[in-house]
Amino acid sequence: MFRINPAYFYAWLTALLFGAILSETFLLYPNIFYDVPDSLQDALGFMKTTSPADLFPKLGAITLIAGIIAAVINRHDKIVFRMIITSVVLMILFEFVFSVLYFWPRNRIMFTDKPGTHTVHDLKLAAHEFQRAHWVRLSVSGINSLLVLFSLRYLPLSEMIASRTGIRKNT
């Protein structure tokens with residue numbers, strides 16, 4: 001029977017998540033933050049149909065579930081397990097907790113609260129703080145993706161051969 005270790009799927013998802021955050025950083029954020037507060041209103045018009053909030057919670061949840069499954073499946077391989085668990089913890093801390101505690105309040109100031117609620121200074125400050133902290137989130141996402149990728153190196157050779165060829169040794 002052809003089976004692939006879930007760590008490969010988790011590695012793919014973490015790379016996809018990192019790529020999405022990286023794309024957002026260089027394709028979307030320059031348009032959102034180029035002339036605060038006017039650019040924030042332009043961004044709201046642009047993101048009327050869909051926004052990062054429609055993608056990242058779902059992709060993050062799927063990635064987190066895949067990481068937990070990969071950790072459980074690989075619990076007997078200490079190196080792989082530790083690397084995957086570290087990755088899952090980093091993801092929980094920096095993609096969820098950090099977002100809830102740091103990014104969500106600034107998103108509320110910039111995008112949710114009615115225009116005119118906050119001063120231009122407050123909007124510029126929120127945008128500056130958001131962008132600065134985003135580099136931390138982007139960096140941790142890249143580290144997380146590399147950590148999972150490197151964990152694949154420590155999978156037993158038989159697992160790698162089986163996943164590449166579809167041939168599994170009967171044990």
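A few points about this structure:
- Figure legend. Inter-residue proximity from the range 72-95: first residues in contact (Cβ under 8 Å) with a residue 12 or more places away in the chain and at positive phi, second residues part of a helix (DSSP H, G or I) and small (Gly, Ala, Ser), beta-carbon distance below 8 Å, spacing 6+ or different chains. No pairs are indicated.
- In the range 111-124 there is at least one residue that is assigned to a helix (DSSP H, G or I), over 28 Å from ARG3 (Cβ atoms), touching a residue at least 40 places away in the same chain (Cβ under 8 Å) and touching a Pro at 6+ places or on another chain (Cβ under 6 Å).
- Qualifying residue in the range 16-31 (condition: in contact (Cβ under 8 Å) with a residue 12 or more places away in the chain, touching a helix residue (DSSP H, G or I) at 6+ places or on another chain (Cβ under 9 Å) and in a loop (DSSP other than H, G, I, E, B)): no
- Residue match in the range 50-67 (condition: of a type outside the set (S, T, N, Q), closer than 15 Å to LEU152 by Cβ and in contact (Cβ under 8 Å) with a residue 12 or more places away in the chain): yes
- Subset of the range 47-72 (residues that are under 16 Å from PHE103 (Cβ atoms), in a helix (DSSP H, G or I) and not small (Gly, Ala, Ser)): PRO52, ASP54, LEU55, PHE56, PRO57, LEU59
Every residue, every condition in (1) of a type outside the set (A, V, I, L, M, F, W, C); (2) within 15 Å of the chain's Cα centre (by Cα); (3) modelled with pLDDT of 95 or more; (4) under 19 Å from GLU24 (Cα atoms), yes or no:
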residue	(1), (2), (3), (4)
TRP135	no, yes, yes, yes
VAL148	no, yes, yes, no
ARG153	yes, no, no, no
ALA162	no, no, no, no
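- Checking ILE69, ILE79, ILE73 one by one, the residue that is exposed (fewer than 14 other Cβ atoms within 10 Å of the Cβ) and hydrophobic (A, V, I, L, M, F, W, C) is ILE79 and no other.
- Any hit, the range 103-121, residues being more than 30 Å from ASP42 (Cβ to Cβ) and either at pLDDT below 95 or surrounded by fewer than 16 Cβ atoms within 10 Å (Cβ to Cβ) (or both): no
- Selected residue [assigned to a loop (DSSP other than H, G, I, E, B) and farther than 17 Å from ALA20 by Cβ] from ARG106, ARG75, ARG82: ARG75
- Check on LEU55, farther than 11 Å from ALA7 by Cβ, surrounded by 14 or more Cβ atoms within 10 Å (Cβ to Cβ) and either modelled with pLDDT of 95 or more or within 18 Å of the chain's Cα centre (by Cα) (or both): no
- For the range 3-25, the count of residues that are among the hydrophobic types (A, V, I, L, M, F, W, C) and more than 30 Å from TYR154 (Cβ to Cβ) is zero.
The values are calculated or read from the model by the stated rules, or taken from the named source; none is laboratory data. Keep in mind the model is a prediction, meaning the values are calculated, not measured. Because the Cβ atoms are built from the backbone with ideal geometry, glycine has one as well, and the counts that use them run over all protein chains shown.
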